[in-house]
1. Out of all the residues in the range 263-274, is one or more within 30 Å of the chain's Cα centre (by Cα), more than 21 Å from residue 162 (Cα to Cα) and loosely packed, with under 13 Cβ neighbours inside 10 Å?
2. What about residue 195, is it outside any loop (DSSP other than H, G, I, E, B), hydroxyl-bearing (Ser, Thr, Tyr) and out of contact with any Cys (no Cβ under 7 Å at 6 or more places or on another chain)?
3. Considering only the range 1-44, state which residues are in a loop (DSSP other than H, G, I, E, B) and within 17 Å of residue 100 (Cβ to Cβ).
4. Can you name every residue in the range 104-116 that is in a helix (DSSP H, G or I) and touching a residue at least 40 places away in the same chain (Cβ under 8 Å)?
5. Within the range 237-262, how many residues are more than 35 Å from the chain's Cα centre (by Cα) and of a type in the set (A, V, I, L, M)?
6. Identify the residue in the range 210-236 that is more than 14 Å from residue 265 (Cα to Cα), surrounded by 13 or more Cβ atoms within 10 Å (Cβ to Cβ) and not small (Gly, Ala, Ser) and, among all such residues, is nearest to the chain's Cα centre (by Cα).
7. If we keep just the residues of the range 176-200 that are at pLDDT 80 or above and either in contact with an Asp or Glu (Cβ under 9 Å, 6 or more places away or on another chain) or among the aliphatic types (A, V, I, L, M) (or both), which is surrounded by the fewest Cβ atoms within 10 Å (Cβ to Cβ)?
Amino acid sequence: MLSPELARIIELRRRGWGYARIAREVYGDPRKRYKVYRLLRRFEEGRITGSSPCCKDAPMKVQHELQHENEDRGTPTKTIPRRDSHLTRLGKTQKLVLEALAILGPSTPSEIARYIWYEYGVLYTRNSVWAALQRLRQRGVVFRDQKGRYLARKPGTPIYVENLRINGRIIWSTKEMGRPAVLEEALILASLYTSGYPVDQVELMILGDKRLNRWAEYMRRRMGWSMTVIYYNESLRSVKIEHRFHAPPLIARLQERDTWLEYVHQPTLLAGSLVEHSLSILGGA
């Protein structure tokens, strides 16, 4: 007997809803799309009993796959409308494979094929996905780890994208996705959905190390420090560094001048140390 939660997920999937939309409807949070994917996968594999018209036609193994072991068919047997893309350098199979890797992370060809079927209703054989992966490897876009899984980017890239908007389209939003994107991940998604320009807005960042994070946490607790920003001020016609505090334990009196100077000195030192840390990372990137 299916739980009401799974029955609802299956019904919405049957209507053609994507994982994020189902997660928002069932759990109120689109970031739980991975939970939706896992539940459907377990259901298809028979680890959750029950039946549904949504999944009865989604085979775990494609019968004709063994008959075409070395053939890259390239043409899906079933398609549904998907997001548009202006990129013509990659074939449709490669685009879908890249998008699956950007969401799943390290994956095998079978896992990628299964995800594409669930998310887009496009049925590829394992060998079709494998052939697309080899073409992407030749281009240097995809990598293979020691466990035989494929990745859409080199792991450990220290540069992140918080928000990216290109030609009016939101490519990545940390608020919506729940995390920043690795730089290569954001660039791959941008190439899937746009021609890559014009870039309307982008926020790039490098994370601090443990020492800097402890220092920042101390200033937050003891000084009420919230952020330090560097930007060009149009009215002053000058670049400036600005420290912002929320309810700091300060007294606005001339006798407290030295304490106020310390509230400028400490976050400025932190900013300088973070710049040195970032430059060291960029030197090895």
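1. Going residue by residue through the range 263-274, those that are within 30 Å of the chain's Cα centre (by Cα) are 270-274.
Within this subset, residues satisfying the condition of being more than 21 Å from residue 162 (Cα to Cα) are 270, 272-273.
Restricting the remaining residues to those that are loosely packed, with under 13 Cβ neighbours inside 10 Å gives 272.
Yes, the conditions are met somewhere in the range 263-274.
2. Details: outside any loop (DSSP other than H, G, I, E, B): no; hydroxyl-bearing (Ser, Thr, Tyr): yes; out of contact with any Cys (no Cβ under 7 Å at 6 or more places or on another chain): yes.
Criteria not met by residue 195.
3. The initial filter retains those residues of the range 1-44 that are in a loop (DSSP other than H, G, I, E, B), namely 1-3, 15-18, 28-29.
Within the range 1-44, 18 is the sole residue that qualifies.
4. The initial filter retains those residues of the range 104-116 that are in a helix (DSSP H, G or I), namely 104, 109-116.
Residues satisfying the conditions are 109, 114, 115.
5. The number of residues fulfilling the criteria is 5.
6. 212
7. Of the range 176-200, the ones at pLDDT 80 or above are 180-183, 186-187, 190, 196-200.
Narrowing the set further to residues that are either in contact with an Asp or Glu (Cβ under 9 Å, 6 or more places away or on another chain) or among the aliphatic types (A, V, I, L, M) (or both) leaves 180-183, 186-187, 190, 199.
Working: 180: 20, 181: 23, 182: 20, 183: 18, 186: 24, 187: 17, 190: 24, 199: 13.
Ranking the qualifying residues of the range 176-200, first place goes to 199.
One line per residue, one yes/no per condition, for (1) touching a Leu at 6+ places or on another chain (Cβ under 9 Å); (2) aliphatic (A, V, I, L, M):
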| site | (1), (2) |
| --- | --- |
| 112 | yes, yes |
| 123 | no, yes |
| 136 | yes, yes |
| 179 | no, no |
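The values are calculated or read from the model by the stated rules, or taken from the named source; none is laboratory data. This structure is a prediction, so every number in the text was calculated from the model and none was measured. Reconstructed Cβ throughout: ideal geometry from the backbone, glycine too, with neighbour counts over all protein chains shown.
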